[in-house]
Amino acid sequence: MLYPRPHRTAAMRDPTPTLIYLKDYTPPAFLIPRVDLEFELFEDFARVRARLAIERNPKAANRHGPLALDGEELALESIAIDGRALASTEYQAGAAGLSIAAPPERFTLETVVRIRPRDNAALSGLYASAAGFFTQCEAQGFRRITWFLDRPDVMSIYTTLIRADRDRYPVLLSNGNPAGGGAEDATACAIGAGATAPRHWAKWVDPFPKPSYLFALVAAKLEVLEDRFVTASGRPVRLAIYVDPGKLDQCGFAMEALKKAMRWDEQVFGLEVDLDQYMIVAVGDFNMGAMENKGLNIFNTRYILARQDTGTDTDFLNIDRVVAHEYFHNWTGNRVTCRDWFQLSLKEGLTVFRDQEYGADMYSRPVERIREVRSLRTVQFAEDAGPMAHPVRPAAYMEISNFYTSTIYEKGAELVRMIHTLVGAGNFRRGMDLYFRRHDGQAVTTDDFVQAMADASGIDLEQFRRWYEQAGTPLLKVRGAYDAGARRYTLEVKQSCPPTHGQPQKLPFHIPLAVGLLGADGRDLPLRLQGESPPLAAERAGPGAITRVLSVTQPAQTFVFEGVAEPPVPSLARGFSAPVVLDFDYDEAALTHLMAHDADPFNRWEAGQRLATGILLRATENLRSGGRAAEPPAAFIDACARILKDGPADPAFAAEALTLPAESYLAELMAVADPDAIHAARDGLRRQLAERLQPALLDTYRTQTPPGAYSPDAAPAGKRALRNLALSLLMELEDPAIRLLALKQFDGADNMTDTMAALVALANCDCPERAGALERFYEKWQNEPLVVDKWLAVQAGSRLRGTLAAVKRLAAHAAFNLRNPNKVYALIGGLRANPVHFHAADGAGYAFLADQVIALDSFNPQIAARLARGFDRWKKYDTGRQAQARAALQRIRDTTRLSKDVAEIVSRSLG
Ligand SMILES: [Zn+2]
């Protein structure tokens, strides 16, 4: 079956999607300090009884209005105030809400609703997966469970009682601490339809007030891995990871990651876990990566489960980072939460920054930074240049699910990092302490965060706030001039920012620009800005003396360095000190000098990327005009040879340095993107590298095998990364002996990293070994869903002709299921991320994506909208492709009963 038949309900469609504005924010008219929930779970429905202690908010503007509660797809069974059932004239229940015209000042509202978790394919609210029932409430899923003020500034103490079939759902969990449980007596069972099987119950109490988006419930058949953590202050905490039966041998790494993250947060930020127990549940059907529900995190299985033969080094790294990320939310998100959803980056930007710092401390700081910036530039810069461009604190949205974006997360983290750079590490920590002291238990704004940083550091961050308000990637044009007579080096810096959706004009940003100057011998020159006293003697100079953070605040500014003994090569934006596009006229010699000598490893990598980007863009232009790509300059080949030679000293860094810029990144740099020419140019350069460096690559392949048993740690993972990069370059030679190496690695590897590297190499190669390898892989792993995802992704990502046809066949394969988000991301998302096939000139890729978006939208609008983002950059392409993309977008737009999720994306894209 290609597509499942969707179950449609009226309430899911919003007849008149409207924009919601930040400027319209008002405090809630009512508060709900206590919530008592009772869930009765049956196969065909669930009954939810909610007792809400409600009172008027003394801070509300209007103290006399009606009570308006959110609710979607709820069938009301009964409603009472203070024990008195309401007459049908006393309330109004509609498709999107329930209102009570004249409620008392303070009362208990009791509602009973029926919901249908098994029909909930949107995976928002309470839904069913293979092992049982699960919830996802962020951002607005709780209103699909019961009537509520479903907004983050309404915080409540929750008590949750769960009743369910004992044998099917032996594990009953909710937030907080357990407060009893046991078998149900027979009379209580009688209320369920045909409930003759034995049932049981469990009660949970969460002592911390929380917004409804942090509510969670699980009723399932699961196995548990338990452990224990003792906090710095000596309090023992029970740790538990619940997984599908048979998967316990795949969650040990996640448990270790959890304990590491807890210790790190104590050491770096002085923050301890605050509950008696901390639980994680892994589920295979999940829209997002993971969710930080208070005390009961719910994770996509892909961020929990891994064994050396099922997970790659990247999977292990992601598990480490995501487990840490969700744990860190317990303070940055749960203890201090968001006032409204415009403030989403308050918790996400800050928590991504925290998990980045954790990653930097656990692995290689430069390599982690390189990977983060690569992703920021490929995804977020493109977002900032497209129809979905929005500030880190958006001013308006139609559907908040569409704003879980790279801008909110990754650019949001860059903003926090820039504050860290501007105020310094010590002040940053003082700022965090002040933030928690002021706002613990509150729902606050990004302004409150910046204010705490400014107050704790005494540093003026007023202009910096514009980063939260203005969308777009600033352009920093820098020019350097050396005056030998005056021994003076002048940097002229001009900033600008292109117009974005609704923001034609931008005010200047406050940009931290970290700068160093390299001499001819590659050493850093001491830095003294005009007007400063002479620098410290070289041997006493700390790192501050060779890197200066310049505060760029004006549209145009000049910085003069004095006492500069020789014409320097500037190293600009060290460590990627700001999320900007940096324009500086580096020549080839300057870039190779930086590649070889820059004290900042990030900029060593950056110089190589600039060099490669120049070569690739020139080759693309030549191919477009019917010519041939020129030979790459000798300096580039020499630099790559040197990286390989130095590889053993830092293999992970060498692997990053030898990875050419992505096709999608190159497309962004062209006025009119030509995916075929970019692809041909990039493949061509890879082949040239392989030809020129063949002996060194073979040597790397033979020598960079990590010793001993498999470990996903940074050192052995780095060796595997470099070795597999060598293999993938060597495969460009189309040499049967190399293919044999790949096949041997594929069949003989004891870990998934090496298996996958070989499979990817073979899948990109039109060779006799390809089909057999793919077949054997599927046969071996068909019962491991996460490994099947890899099998789908590797085929969708292949550069071979016929990839789209293969993807269409796979969409009908038993291994695929449109209802499972991981499968959709692997196969459909895999094609979307494959520029040469997705942007095929005949429009077949666009038509296919439109079909999938339309099919998905009928039951899972969130995932459909995410896929529809594939059309974001359609105006970047030639008129032929534009016509094809426009037709596909219009076809989606004209679909009847389009969700507001997809409607918002498509209308902005066509806009
Ligand atoms: Zn998060």
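Since every read-out is calculated from the coordinates, none of them should be taken as a lab result. No experiment lies behind these values; they were computed from the predicted model shown. Positions of Cβ are backbone-derived with ideal geometry, glycine not excepted, and every protein chain shown enters the neighbour counts.
The simple spin-label model puts a point 7 Å past each Cα toward its Cβ; for Asp276 and Asp361 those points are separated by 2.9 nm. Under the convention that each Lys and Arg Cβ holds +1 and each Asp and Glu Cβ holds -1, the size of the dipole of the range 266-353 around its Cα centre is about 220 debye. Global dimensions of the range 628-690 from alpha-carbon coordinates: Rg and Dmax equal 13.4, 41 Å.
Looking at Val788, Thr613, Gln136, which one has the Cα that reaches farthest to the positive end of the dipole of the chain (charges on Cβ: Lys, Arg +1; Asp, Glu -1)? It is Gln136.
What the pair-distance distribution of the range 177-307 shows, using all Cα-Cα distances binned every 10 Å from zero, is 11, 35, 34, 15, 4, 1 percent.
Taking other Cβ atoms within 10 Å as a rough exposure proxy, His64, His510, His837, His501 sort from fewest to most as His64, His501, His510, His837.
Over the chain, DSSP H runs of length four or greater, each weighted -39,500 (n - 2.57), average out per residue to a 222 nm ellipticity of -12000 deg cm²/dmol. By the count of neighbouring beta-carbon atoms within 10 Å, fewest first, Met388, Met362 end up ordered Met362, Met388. Taking the fewest neighbouring Cβ atoms within 10 Å as the starting point, the ordered list for Arg776, Arg168, Arg574 is Arg776, Arg168, Arg574. The range 618-673: which trypsin sites (Lys or Arg not before Pro) are DSSP loop and have at most 12 other beta-carbon atoms within 10 angstrom? Loop-located and lightly packed - Arg628.
Using a cutoff of 8 angstrom between alpha carbon atoms and counting only pairs six or more residues apart, the relative contact order for the chain works out to 9 percent. Taking 0.692 mPa s as the viscosity and 37 °C as the temperature, the Stokes-Einstein diffusion coefficient of the range 792-911 based on its alpha-carbon Kirkwood radius rounds to 232 µm²/s. Of the three principal axes defined by the Cα atoms of the range 84-222, the extents in descending order read 45, 31, 30 Å. Just the Cα atoms of the range 144-244, one point each, no solvent: what log10 I(q)/I(0) does Debye give at q = 0.17 Å⁻¹? Normalising to I(0) and taking log10 leaves -0.96.
For the set Lys23/Lys875; Lys808/Lys875; Lys744/Lys780, the pairs lying more than 24 angstrom apart at their alpha carbons are Lys23/Lys875; Lys808/Lys875. Summing Cβ point charges (Lys, Arg +1; Asp, Glu -1) relative to the Cα centre of the range 453-525 gives a dipole of roughly 300 debye.
A dipole drawn for the range 765-911 from +1 and -1 charges on Cβ atoms has a positive end, and of Val902, Asn822, Leu800 the residue lying farthest that way is Val902. Taking 7 Å steps out from each Cα toward its Cβ at Leu86 and Asp713 produces label points 6.2 nm apart.
The value given for the chain is a Kirkwood hydrodynamic radius of 29.4 Å, derived from the mean inverse Cα-Cα separation.
Kirkwood analysis of the Cα pair distances in the range 609-756 returns a hydrodynamic radius of 16.2 Å.
Straightening the chain between Lys59 and Ala812 buys 265.5 nm, computed as 0.36 nm per residue apart minus the Cα-Cα spacing.
Placing +1 on each Lys and Arg Cβ and -1 on each Asp and Glu Cβ, with no other charges, gives the chain a dipole about its Cα centre of roughly 1060 debye.
For the pair Glu43 and Val268 in one chain, pulling the backbone fully straight at 0.36 nm per residue adds 76.3 nm over the alpha carbon distance. The angle separating the long axis of helix 601-624 from the principal Cα axis of greatest extent in the chain is about 80 degrees.
Positive-end ranking of Ala219, Ser364, Pro707 along the dipole of the chain, with charges on Cβ about the Cα centre, is headed by Ala219. With a Förster radius of 22 Å applied to the beta-carbon distance between Asp447 and Thr231, the computed FRET efficiency rounds to 0.10.
Between Glu256 and Lys221, the FRET efficiency estimated from the beta carbon spacing at R0 = 35 angstrom works out to 0.85.
In this structure, Asp249 and Asn177 have a Cβ-Cβ separation that, at R0 = 30 Å, corresponds to a calculated FRET efficiency of about 0.55. Compactness of the range 431-531 was expressed as the Cα radius of gyration divided by 2.2 N^0.38 Å, which yields 1.51. Using a cutoff of 8 angstrom between alpha carbon atoms and counting only pairs six or more residues apart, the relative contact order for the range 683-794 works out to 20 percent.
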